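The structure under discussion appears below in the form of structure tokens.
Just so it is clear, none of the values below were taken in a lab; they were calculated from the coordinates. Keep in mind that this is a model prediction, so the values were computed, not measured. A quick note on method: Cβ atoms are made from the backbone with ideal geometry, for glycine too, and the neighbour counts reach across all protein chains shown.
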Amino acid sequence: MADDNSEDQQPATPPSTSPGEESTAPVPGESSTENIGNDSEAVEDEASSGEGVTPRPRLAEDLDEILDNIKVEEGEGALDMNEAELAMVDGYIREADPEFAEELDSISADDFKELDITEEQAKAAVSAEEIPSRWRAFFNNLSDQQRFSLILGGSVALLGVLLVALLLGGYLVPKFEVPYLLSMEQVSKVVFPYALDDEEVPLFDEYRSRAYSYPLRATNINLKQEGDRPSYGQFQFFLNLRDKELEPVIKKRESELIDLIQRTLEQITWSDLQTPIGKEKVKKIVRMRVNDHLKGNYVLGVYYKSVLLSR
């Protein structure tokens, strides 16, 4: 290879000049912008004619050809080179950079025997603090979905245990007893004794609440006339007083209240008293007028004792 390169390489001869012409070759150490364009044009002409150009070394051309023909295996990225091509690349490296070639020769092959570690050596190299607990190792080996399912299941189980504990402790059960009767015979056997020696309480004279019902006298009232036929009514009301102590006040002013009720019902027609809504309306009107007349909320409600209508 070296002999071929030496034969092919020819020294470049400077362009000849006639005795009468001045040499245009640049003087070392001086720069001329005018000669740059001329020199580039001269190099292009010489390259096209093949004269005066130093050929590249054959070894470099062979190396380019080798690199162009290298195939890369898919997925592995390894170079597919035969021994001859490797030897040629090695020779080019030795010729171009001998020192780098010597450094490559000094590198020995990799020895992986020192990297072989037994299981006992691996366990001895790990301290007890570095070894994770079993539950931690188990949790780390789970996938994200398995971890989520495990956490959700544990939360539901914990909530269920809490609810069961509350039920057993009686915190979620209503605080009252529901009697469970099997039959009416069981109810009939229950006897509720009462002492006959105690003072009897009149049912209609005393009330458990402080409210008191005062009966007004019956009164005849001319109702509002509808058409040509007059209508009449006889009414008697109960006044539900706020307190029994108000009975003397109502009894003292009963005549005033009867007159007030007469003037109020004179604005009511016979047809109004034929419907339930009309009767309730009359009760509310009477209660409002009586409280306004007494200047206080004495009457809690008004009730009919008797009503007689005639036309």
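So the values come out like this:
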read-out	value
Net charge contributed by nearby residues that have their C-beta within less than 14 Å of Ser271 (K/R +1, D/E -1)	+3
Violating pairs (Cα-Cα greater than 24 angstrom) within the set Lys251/Lys305; Lys244/Lys284; Lys252/Lys281; Lys224/Lys284; Lys224/Lys252; Lys224/Lys295	Lys252/Lys281; Lys224/Lys252; Lys224/Lys295
Label zone at Glu226 (point 7 Å along Cα-to-Cβ), backbone N below 14 Å, the range 261-295	267-279
Square roots of 5 times each gyration tensor eigenvalue, C-alpha, the range 212-310, largest first, Å	25, 13, 11
Förster-model FRET efficiency, 30 Å R0, Ile93 and Asp116, C-beta, rounded to 0.05	0.35
Residue exposure sequence - Thr264, Thr275 - by fewest surrounding Cβ within 10 Å	Thr275, Thr264
Inter-site label distance for Arg217 and Met288 at 7 Å from Cα along Cβ, in nm	2.8
Segment Ala137-Lys281, extension gain: residue separation times 0.36 nm, minus the distance between their alpha carbons	43.6 nm
Note, ³J(HN,Hα) from phi for the range 265-282, Karplus 6.51, -1.76, 1.60, rounded to Hz, x at Gly and Pro	6, 5, 8, 9, 8, 5, 5, 5, 8, 8, 10, x, 5, x, 5, 5, 4, 5
Loop-located trypsin sites (Lys or Arg not before Pro) in the range 257-304, at most 11 other Cβ atoms within 10 Å (DSSP)	Lys295
16 Å reach of a label modelled at Tyr303, 7 Å along Cα-to-Cβ, counting backbone N of the range 230-262	236-244
FRET efficiency, Asn240 to Phe192 (Cβ-Cβ, R0 35 Å, nearest 0.05)	0.65
Over the range 212-310, relative contact order from alpha-carbon pairs under 8 Å, at least 6 apart, %	38
